[in-house]
Amino acid sequence: MHLVSFNVFRTLGFPDTTVLKPEHFLRHKALLQEADWVLFPEYWQLNALVHGLKCRVFPSEASYRIGHDKIEMTRAFQTVAPEHTPWTLIEANGPQEREMLWDAMSLPFVAKLPKASMGEGVWLIENRADWQRYCERTDVLYVQEYLPIDRDVRVVVVGDRVLTAYWRTQAPQGFYNNVARGGQIDTAPVPPAATDLALRLARALGVDHAGFDIALVEGYPYVFEFNRLFGNQGLGQGSDLPAAILEYLNRQSRPQDPDTPIDPPPPWPVAV
């Protein structure tokens, strides 16, 4: 299996892998067309690689398309699992729309920029001044009900399996659970409801490399979003990300062995 990678750090140590700079990809069209897989291209390369050169890419095209902005992501979640998607309203940013959403939402509520990660571009709206500041920062209004939680679960899906899952507890300043914003990793057992939902979403949408953020309210799971290029802070719990990626790519490149279990026992602590 010959691989071409556009991200040296995420494919460090991968066997039989040629690393290219994204901006040089047109110099290597034959190499790319002959590769079994093209790994971690930039988003702007996707159309050229998939539709122009007919490359097989990892992460999947769905991982890129759906994961590119929160609006596309939320609409996809509402399609396949509306009962597990927080109540969300999305409108153009105009005077009438601002008033309509302000009147529709109960305080506090959450407002987000369509394209942001690591907790950036997310606000807890507690008053009219908060709402005004948010409206001045975005072209599209994206508002979501506030869920009463002090932690969430990050579920890492690689291929068609859950690689690991862990809690992220709230940062000292409150509201944010993102590790990049001061949240802490907690390796306490994770309820199957969270991992089951993440895997259900990944399989339904064709997403094969993602960190799903799942909230649990009285044990009931809600999905916030997923990050296609997730951080590795919580992956030191016996998981091996490179090995999991290679195993999946190899398995996708050959006929499935009927004796291979689809879902092996999870390597992370599971609540019972």
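Results, tabulated for the structure shown:
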| item | result |
| --- | --- |
| Residue, modelled with the lowest pLDDT, within the range 161-177, restricted to residues that are on the phi < 0 side of the Ramachandran plot, surrounded by fewer than 21 Cβ atoms within 10 Å (Cβ to Cβ) and part of a loop (DSSP other than H, G, I, E, B) | TYR176 |
| Close pairs from the range 131-155: first in a loop (DSSP other than H, G, I, E, B), partner buried (at least 18 other Cβ atoms within 10 Å of the Cβ) and β-branched (Val, Ile, Thr), Cβ under 7 Å, at least 6 apart | TYR146/VAL110 |
| Which listed residue, of GLU225, GLU218, is modelled with pLDDT of 65 or more and loosely packed, with under 14 Cβ neighbours inside 10 Å | GLU218 |
| Filtered residues of the range 18-46 (kept if closer than 18 Å to SER60 by Cα and among the β-branched types (Val, Ile, Thr)) | VAL38 |
| Within the range 4-19, considering residues that are surrounded by 11 or more Cβ atoms within 10 Å (Cβ to Cβ) and more than 11 Å from PHE40 (Cα to Cα), the one modelled with the lowest pLDDT | LEU12 |
| Qualifying residues in the range 178-214 (those that are modelled with pLDDT of 60 or more and charged (D, E, K, R)) - the one nearest to ILE125 (Cα to Cα) | ASP213 |
| Residue count, the range 56-87 (criterion: exposed (fewer than 15 other Cβ atoms within 10 Å of the Cβ) and either among the basic types (Lys, Arg) or in contact with a Pro (Cβ under 6 Å, 6 or more places away or on another chain) (or both)) | 1 |
| Selected residue (criterion: surrounded by the fewest Cβ atoms within 10 Å (Cβ to Cβ)) from residues of the range 27-43 that are touching a helix residue (DSSP H, G or I) at 6+ places or on another chain (Cβ under 8 Å) and more than 21 Å from VAL157 (Cα to Cα) | ASP36 |
| Per-region count, the range 88-100, residues under 17 Å from THR74 (Cα atoms), surrounded by 14 or more Cβ atoms within 10 Å (Cβ to Cβ) and hydrophobic (A, V, I, L, M, F, W, C) | 2 |
| Residue pairs meeting the criteria (Cβ under 7 Å; at least 6 apart or on separate chains; first more than 18 Å from ALA204 (Cα to Cα), in the range 79-90; second in a helix (DSSP H, G or I)) | THR88/THR74; LEU89/LEU101; LEU89/ALA104; ILE90/ILE71 |
| Test: residue in the range 89-109 that is farther than 27 Å from ALA193 by Cβ, of a type outside the set (Lys, Arg) and modelled with pLDDT under 95 | no |
| Contacts under 9 angstrom Cβ, first residue in the range 47-65 being free of Cβ contacts under 8 Å to residues at least 40 places away in the same chain and farther than 21 Å from LYS115 by Cβ, partner part of a helix (DSSP H, G or I) and among the basic types (Lys, Arg), 6 or more apart | GLY52/LYS29; LEU53/LYS29 |
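For (1) touching a strand residue (DSSP E or B) at 6+ places or on another chain (Cβ under 9 Å); (2) of a type in the set (D, E, K, R), each residue gets a yes or a no:
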| residue | (1), (2) |
| --- | --- |
| GLY13 | no, no |
| HIS28 | yes, no |
| ASN47 | no, no |
| LYS54 | no, yes |
| PRO59 | yes, no |
| GLN78 | yes, no |
| PRO86 | yes, no |
| LYS112 | yes, yes |
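The values are calculated or read from the model by the stated rules, or taken from the named source; none is laboratory data. Please read these numbers as outputs of a predicted model, since none were measured by experiment. So basically every Cβ, Gly included, is an ideal-geometry build from the backbone, and we count neighbours across all protein chains shown.
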